[in-house]
1. Which residue, Arg300, Arg265, Arg78, tops the fluctuation ranking in a GNM of the chain built on C-alpha contacts under 10 Å?
2. Sorted by mean Cβ packing within 10 Å, highest first, what order do the peptides 32-43, 197-208 take?
3. Which far-off residues, 5 or more places away or on another chain, put their amide H under 5 Å from the one on Leu36, with H placed in the peptide plane?
4. Whenever you get a sec, compute what percent of the accessible area on the chain sits on carbon and sulfur atoms (1.4 Å probe).
5. Please work out the average accessible area per residue across the chain, using the 1.4 Å probe convention, and give it in Å².
6. For segment 256-321 and segment 157-224, what is the separation of their C-alpha centers, rounded to whole Å?
7. What residues of segment 343-383 lie in the reach of a label at Ala16, counting those whose backbone N is under 12 Å from a point 7 Å from the Cα along Cα→Cβ?
8. Multiplying the sequence separation of Lys331 and Asp401 by 0.36 nm and subtracting their Cα-Cα distance, what value in nm do you get?
Amino acid sequence: VNRKDAEGLDRADDLAPFRARFELAERPIYMDGNSLGPPSSAVAAALTRAAREWQDDLVEGWETWIDRPGTVGDRLGRLLGAADGQVLVCDSTTVNLYKLAWAAIAHQAGRRVIVAEAGDFPTDRYVLQGLAETHGLQLRLVETRGDDPEGALEKAMDSDTALVCLSHVHFRTGRKLAADRLTAAAHDRGALILWDLAHSAGSVPVDLDGWEADLAVGCTYKHLNAGPGSPGFLYVRRSLQDDLRQPIWGWFGQDNQFEMETAYRPRPGIGSFLAGTPGILSLAAVDAAVALVQSAGPIRLYAKAERMTRLLFESARERLVPLGADIITPKDPTRRGAHVSVSHPRAWPWCRALIDRRLVVADFRTPDVIRLGPGSLYSRFVDCYDAVEAMAQVMEDGFPDAAVRRRVT
Ligand SMILES: *Cc1c(COP(=O)(O)O)cnc(C)c1O
């Protein structure tokens, strides 16, 4: 790989004009779109409009605001292969995961096992641990080393399995699971499946209805670029909606909410999965962010992500592996999400040096992983090339052991 190749890819990139909608500095190169997407002018403008609406309408605004979790959810659903009435934008991913996993377990009374992946994102494992403990269930955490993670997961599912909960794209390695195959495997055994789409939404094709998925959750602040702490989303297959009960009996899930009746009576349909007052300002950001992703088109976004991860993978193999790094992302491009991860014993101080020298903002994951997460809307192929070159340069020049490790997300 050389820089000319990357420049050629940029010239042929039909998504290149989208970069102008983000105010990104030339340096450091932003490679952390899988942790926090950058702001677009569309999202910034939507936030300003929402603040104005609040000022103008005050409490009357609730006339229209109240439906936003569902209307924005429908728009997001179109991006995720979900027909209307199955997606809500509300709460955080963690809270949504809890609500849906709880609902699935209650629905599957008698079955005693939850299947998940041993190396999955902490919040997913913790929520499932908590549920297993309070419901007296067994949490079966599957090790998925090797190139047949689906096989290992299928082997762990049996007729006692209530719920299978998996990340579509793995946060640490960027490995993408065969969602349709695993969904069918769970159903074969009578289990429900819950997909975490945190690293998929806005980056790789998702086809919830096509997969025949039961449940899903995900984030809007990663590849959807809706801003720090923007709300999560949830999906419940239509045919399950009236059979499932979620654990938080809040007033937004109540039928005829403003009658304020004594007894809790859940709304029909997806609305019963709401809990409390939605964040209208950040919903405005999600709406604009999803519209921008939709205008680029999920197929084109993924095609570019695939080319970018290919470039990252090839350059890392040429430049970083000889310096002692390992690429932990699958070699097969069809099994990758939108980020590429390398491991190295000095990953933390290396990552720190790249940030301190204002070269690359990448993302460290304990104990030894650096993730490179470009965004198809705003990253250039030369950014991918230059980021790996900078990593190699810093490694060759040497860097100090960084002292304190402080990282939030
Ligand atoms: C980022 C991420 C989350 C984040 O959950 P929050 O409730 O938004 O903090 C959850 N699951 C996975 C797999 C993630 O990558």
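1. Taking springs between Cα atoms under 10 Å, the residue moving most is Arg265.
2. Going from most to least packed, we get 197-208, 32-43.
3. none
4. That fraction is 52 percent.
5. Dividing the accessible area of the chain by its residue count gives 42 Å².
6. 14
7. The answer is 380-382.
8. 22.2 nm
The values are calculated or read from the model by the stated rules, or taken from the named source; none is laboratory data. What you see is a predicted model, and the numbers here were worked out from it, not measured in a lab. Cβ sites come from the backbone with ideal geometry, for glycine too, and all protein chains shown count toward neighbours. The protein model used for the area step is the full one, side chains on, heavy atoms only, and it has no ligands, DNA or RNA in it. Shrake-Rupley method; radii C 1.70, N 1.55, O 1.52, S 1.80 Å.
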